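Accompanying notes for the structure given below.
The values are calculated or read from the model by the stated rules, or taken from the named source; none is laboratory data. These numbers come from a predicted model, not from an experiment. Neighbour counts run over all protein chains shown; Cβ positions are idealised from the backbone, glycine included. Side chains are part of the model used for accessible areas, which takes the heavy atoms of the whole protein and leaves out ligands, DNA and RNA. Shrake-Rupley method; radii C 1.70, N 1.55, O 1.52, S 1.80 Å.
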Amino acid sequence: MTETILMPAGRLDTAAAPAFEREMIAATAAGGSRLLIDLANLAYVSSAGLRVFLVAAKRLRAEGGRIALCGLQPQVAEVFDISGFAAIVPVYADRQAALAALR
């Protein structure tokens, strides 16, 4: 079974979240039960962006799949920590660790 890797870039806010959510839904609908989201190029995440990660995590868990995030920039990691999302969605330091966790 292979992993689907997505790499959002820039800002994941109210304007960008719907398109990224559609991309994640399409990836999981195509049989991707293991989703790796590499956030190395993501500079900002809002509550709308966090909701997208939560929707993906719930959807994958319900279908027996798994999700992993990696590469969080310091400002994005801070939002994940403050909001408690780091405890909800598995976060790894780098892509290699995230891939190992999904296998």
ask   = What residues of segment 65-80 lie in the reach of a label at Arg51, counting those whose backbone N is under 15 Å from a point 7 Å from the Cα along Cα→Cβ?
value = none
task = Over segment 4-92, average the accessible area per residue using a 1.4 Å probe and give it in Å², no decimals.
result = 47
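Mind checking the dipole of the chain: about its Cα centre, +1 per Lys or Arg Cβ, -1 per Asp or Glu Cβ, Debye to the nearest 20?
Values: 10 positive and 9 negative charges, 63 e Å.
Rounded to the nearest 20 debye, it is 300 debye.
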task = For the chain, with all protein chains present and a 1.4 Å probe, just round the carbon and sulfur fraction of the accessible area to a whole percent.
result = 56
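Can you give the net charge of the other residues whose Cβ lies under 13 Å from the Cβ of Tyr44, counting K and R as +1 and D and E as -1?
Details: positive: Arg11; negative: Asp13, Glu78.
Net charge around Tyr44: -1.
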inquiry  = For Cα extents along the principal axes in Å, pick the label among (i) 49, 28, 19; (ii) 33, 27, 21; (iii) 45, 32, 28 that corresponds to the value derived from the coordinates.
reply    = (ii)
key: Value of [θ]222 nm, deg cm²/dmol, for the chain, DSSP H segments ≥ 4, -39500 (n - 2.57) each, nearest 500   = -14500 deg cm²/dmol
query = If you average the sequence gap of Cα pairs under 8 Å that are 6 or more apart and divide by the length of the chain, what percent do you get for the contact order?
reply = 30
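Take each uninterrupted DSSP H stretch in the chain, measure its Cα extent along the helix axis, and return the ones at 27 Å or beyond whose mean Kyte-Doolittle hydropathy is at least -0.5. Walk me through the numbers before you get to the answer.
Values: long enough: none.
Flagged H segments: there are none.
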